[in-house]
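Derivation of every value follows stated rules applied to the coordinates shown; laboratory data play no part. Because the structure is a prediction, the values reported are computed rather than measured. Cβ placement follows ideal geometry from the backbone for every residue including glycine, while neighbour counts extend to all protein chains displayed.
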Amino acid sequence: MASMRDIKRRKVSIQSTQQITKAMKLVSTVRLQRAKARAERSHAYFQCMYTTVCSIISRSGNTDHRYLKKGDSDKKLVITISSNRGLAGGYNGNVVKLITKNDETADWKKEDVKIYAIGNKGREGLARAGYEIVANEADIIEEPLYSDAQMVSADVLARYESGEIGEIYVAYTDFKNTVTHVPTLIKVLPVETETDSEDEKAELSIPMNYEPEEDEALDLIIPKYVTSIIYGALTQALASENGARMQAMDSATSNAEEMIGNLELQYNRARQGSITQELTEIIAGAEAIS
């Protein structure tokens, strides 16, 4: 059994850790409220833009626009959004697994995947797994702005237009609520649409008319579409990160409380044993004298 001194030292150490986890939980809670409000404000636009552009492209027929036609390259660019810090439970690991161990990416060849990393933890995990990192914009996730999404959008569209890559994906964590965060992989370009019902097929058979010209309209729509998808993913990921960290720190604080309770019990038992031993020695000494 550990000595009373060892138990006391360990208890003090755990209490110090508990103070840190409590403080981190409070900080994450405040940041979560702010990030959650931003995510909720942008979510409707994020979803509407995605469905609207898919509908537009579905009605456009065999358009030959440079942003929409399938390129010759088999390379896939994945914009991976993670955090710069750990202590967020499985948040970062789930984003990495979304690319490395996912049914949707099971047939991907590692050499055909390029990673555009936003966040150091995702970059580190995918680099260890052997994926090529073509860009790292770690600072963006700290306080994402629409201008940051525009910069990333311009970069990836330039790579797509030049033929360096043939497909663009975004891997992020979708914020459902404070306790539910879903790792999500969406294909940004080329746009794919699915029609299940006959009504949808009939609706999509109606051609899309552009004014003034198709190329001019799509030159304006597609960059805004890509930017909105990236910005929406950034806000969702930031809220998910703070939610995951708040839960992790809450669990750590509860575990520390439980460990402190167990140590107090061990300390009391050790103290009781020490007192019993001292009394035994005193009685034995008194009997020896008499």
Item to check | Rel. contact order, % - alpha carbon contacts under 8 angstrom, at least six apart, the chain | outcome: 32 percent
Next on the checklist: Using only Cα atoms and rounding to the nearest 10 degrees, what angle (0 to 90) does helix 4-59 make with the longest principal axis of the chain?
Outcome noted: 10 degrees
Checklist outcome for this item: Computed about the Cα centre, the charge dipole of the chain from +1 Lys/Arg and -1 Asp/Glu charges at the Cβ has a magnitude in debye, to the nearest 20, of 1820 debye
Item to check | Mean Cβ count within 10 Å, highest first, over the residues of peptides 268-274, 81-87 | outcome: 81-87, 268-274
Checklist outcome for this item: CD proxy, 222 nm, the chain: helix-only mean residue ellipticity via -39,500 (n - 2.57) per DSSP H run with n ≥ 4, per residue, nearest 500, stands at -21500 deg cm²/dmol
Checklist outcome for this item: Quick calc: nm separation of the 7 Å Cα→Cβ label points for Glu213 and Arg271 -> 8.7 nm
Item to check | Semi-axes of the equivalent ellipsoid for segment 1-56, Cα gyration tensor, largest first, Å | outcome: 50, 12, 4
Checklist outcome for this item: Ordering 224-234, 179-189, 4-14 by per-residue average of other C-beta atoms within 10 angstrom, highest first, gives 224-234, 179-189, 4-14
Next on the checklist: If I fit a long axis through the Cα atoms of helix 146-162 and take the longest principal axis of the Cα atoms of the chain, what angle between them do I get, 0 to 90°, rounded to 10?
Outcome noted: 60 degrees
Item to check | DSSP loop GluC sites (Glu not before Pro) with at most 14 other Cβ within 10 Å excluded, longest remaining stretch of the chain | outcome: 1-191
Item to check | Cα-based Rg / Dmax (Å) for segment 1-145 | outcome: 22.0, 79
Item to check | Helix 91-100 vs. the chain, principal-axis angle (Cα, 0 to 90°, nearest 10) | outcome: 50 degrees
Item to check | Computed E for Asp103/Arg38 - FRET, C-beta separation, R0 30 angstrom, nearest 0.05 | outcome: 0.45
